[in-house]
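Data first, discussion second: the structure below is written as structure tokens.
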Amino acid sequence: MQQIYKLSQQSDRIEQVAPDTTALFSSVLLVEDDGAHAALIRRALSGVVGEIHHVCSGREALQALEEQLAEIVFCDLNLPDMSGVSVIRSIKTLRPGLPVIVLTSSSSLSDAVQAMREGAWDYMVKQFNDELRNQFRLIVNRTAERKLQQLRELKMRQERDAFWTAAYAAQDGLSILTEEGQVVFANEAFNNFCALLGSSAVGANIVDLISAQNFIIGRDIYRELKVQSADALWSSELEVVRAGSGQEKSSRFFELKLSNIAVGRMDIVYGGLPALRYRVLWLRDITQRKEQERFQRDLLSTTTHDLKGPLAAILTSAELIRESSSRLEERESSLLTKVASCARNAISIIDELLSARRIQDGVMIIRPRVLDLSELFDEITGDYQPVAKSREINLCYLKQECSGMQVYADRLGLTRVLGNLVSNALKFTPKHGRVELSAERIGAEVRIMVSDTGTGIDPRARHKLFQRFERLEKHNEIEGTGLGLFVVKNIVEAHNGRIEIKSQVGVGTAFIISLPDRT
């Protein structure tokens with residue numbers, strides 16, 4: 001359709017000036033029994049339309065339309081073999097949508113009106129004077145605009161039909177809802193989803209259907225349907241449990257996404273009624289993905305549990321040999337330290353993976369009790385002292401400040417938090433640096449700090465630190481899973497606490513853990 005416009009270019013601006021009627025109407029059929037009139041009409045149409053094929057009767061016109069693809073017809077109403085109205089009626093049957101312009105004399109305008117009723121697009125009174133060419137140009141341009149509009153509408157209908165066909169056959173479910181949750185359109189996948197919930201989609205209320213499976217998600221959808229923001233977007237996951245044969249039950253999992261669309265402007269009221277607002281609810285069956293994730297988690301859990309026992313034995317044996325023998329040479333002692341450090345790192349990675357899985361599954365359990373911070377700091381510094389000495393780093397804690405201080409926390413969880421922070425500090429602190437643990441009681445909180453004199457953290461990268469599997473680019477060469485700080489943050493928050501970072505590039509970093517003082 002772009003080729004049927006003539007374009008004029010002025011400097012750097014392209015302007016649409018007129019439809020190219022010679023391209024749009026490249027083949028023309030002229031039905032005129034008077035040869036002299038036909039010659040004048042052909043001359044007037046020259047350069048306005050394309051090639052003109054002339055016939056003298058109605059029957060010749062209908063035969064010509066069967067044999068060639070005319071794109072516009074100019075037809076005289078007074079023909080020798082049949083009336084022009086009959087010709088137009090036959091053309092409408094033979095070629096629906098073909099533009100027909102009737103040519104008439106001023107004395108037969110009533111016939112022209114009848115021809116228009118039968119489907120002619122326009123009519124023209126034949127006046128063979130100096131204005132004939134301009135008259136034809138005007139009527140051809142008017143017909144071209146109507147034809148182009150028809151083509152545009154046809155294209156839009158084709159695109160709309162293609163969209164709805166694709167939407168209906170899509171694997172993902174699609175529905176259009178009213179503000180009350182009533183389904184006004186549903187594709188096949190969404191119909192199947194509603195059937196799984198025990199209802200048909202047509203006329204169903206999605207809030208009621210989903211609430212029967214999960215009240216909280218149903219309530220959230222109802223609230224989101226009332227949101228007036230044009231860019232509102234909500235998503236969730238729904239588990240549908242169905243009874244199988246016998247007492248067995250099976251689950252299907254669906255990802256739900258709700259977006260907002262409106263018909264008309266929301267600030268205009270028509271007849272006292274607000275413009276219509278609809279919501280689009282998409283759903284995707286993620287059952288297979290969930291099963292794969294569960295299989296991977298089960299495999300990870302089994303593998304890590306099987307590895308943890310031998311690694312703990314290696315760690316314990318290496319430490320016992322080093323502590324019980326006073327005759328070890330420096331090289332042998334260094335090797336034992338390295339073995340113990342590698343075993344401890346491997347166990348730490350396993351603990352991170354297992355903790356991350358429990359967090360993801362929502363089954364992480366903490367059992368807080370009153371703990372003595374001095375004893376906990378002794379244990380942590382003792383465990384990591386060999387690593388610190390091998391890297392010539394001073395690992396310590398302020399004993400006087402921590403003496404007698406207690407904290408209400410889960411021992412295993414807090415040990416894992418502090419162990420991870422100390423391990424990270426040792427990794428990123430250069431030789432002759434310092435890693436220090438300290439604690440203080442401020443108001444209704446106990447604050448524990450792990451500080452170092454390491455490389456520091458760029459402020460622009462700090463927002464990534466506690467995200468799962470995220471690692472700073474400059475740390476890619478240092479071993480780690482990217483789960484440690486994710487686990488740390490979740491354990492601290494499970495205690496109703498919080499964790500903060502204070503860091504300066506080239507100076508060092510401090511992680512501050514604040515826990516409620518319930519001792």
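Mind scanning Lys147/Lys257; Lys431/Lys464; Lys249/Lys464 and naming the pairs with a C-alpha gap bigger than 30 Å? Spell out each step's value before the answer.
Numbers: Lys147/Lys257 41 Å; Lys431/Lys464 27 Å; Lys249/Lys464 40 Å.
Beyond 30 Å: Lys147/Lys257; Lys249/Lys464.
If amide H atoms are built 1.01 Å from N in the plane of the peptide, which residues on other chains or at least 5 residues away come under 5 Å of the amide H of Arg498?
Under 5 Å from the amide H of Arg498: Ser514.
Sort Leu132, Leu154 so that the residue with the fewest other Cβ atoms within 10 Å of its own Cβ comes first and the one with the most comes last.
Working: Leu132 17, Leu154 11.
Lowest to highest Cβ neighbour count: Leu154, Leu132.
Provide the net charge surrounding Leu69, with neighbours chosen by a C-beta distance below 14 Å and charges set as Lys +1, Arg +1, Asp -1, Glu -1.
Values: positive: Arg95; negative: Glu51, Glu66, Glu67, Glu71.
Once all neighbours under 14 Å are counted, the net charge is -3.
If you add up the charges near Ser451, with Lys and Arg at +1 and Asp and Glu at -1, over every other residue whose beta carbon is less than 15 angstrom from its beta carbon, what do you get? It would help to have the intermediate numbers written out before the result.
Values: positive: Lys427, Arg434, Arg447, Lys502; negative: Glu401, Glu436, Glu440, Asp452, Glu500.
Result for the neighbourhood of Ser451: -1.
Sort Cys194, Cys75 by Cβ crowding within 10 Å, fewest neighbours at the top.
Details: Cys194 19, Cys75 25.
Going from sparsest to densest Cβ surroundings: Cys194, Cys75.
Taking 8 Å as the Cα distance limit and 6 or more residues as the minimum spacing, I'd like the relative contact order of the stretch 2-164 as a percentage. Before the final figure, lay out the partial values.
Numbers: 235 pairs, mean separation 29.9, N = 163.
That works out to 18 percent.
Tell me, Trp164, Trp234 in order of fewest to most beta-carbon neighbours within 10 Å? Provide the component values of the computation, followed by the final result.
Numbers: Trp164 12, Trp234 17.
Ordered by Cβ neighbours within 10 Å, fewest first: Trp164, Trp234.
Tell me the net charge near Ala44. Cut-off is 11 Å between Cβ atoms, Ala44 excluded, with +1 for each Lys or Arg and -1 for each Asp or Glu. Working shown, then result.
On the way: positive: Arg42, Arg43, Lys126, Arg133, Arg137; negative: Asp130, Glu131.
Surrounding charge for Ala44 is +3.
Could you sort the peptides 498-511, 173-186 by per-residue average Cβ neighbour count (10 Å cutoff), highest mean leading?
Values: 498-511: 15.6, 173-186: 18.1.
Packing order, densest peptide first, comes out as 173-186, 498-511.
Bear in mind that the values in this text are calculations on the coordinates, not laboratory data. The structure presented is a predicted model; accordingly, all values stated were derived computationally and were not measured. Using ideal geometry, Cβ is built from the backbone for each residue, glycine included, and neighbour counts are taken over all protein chains shown.
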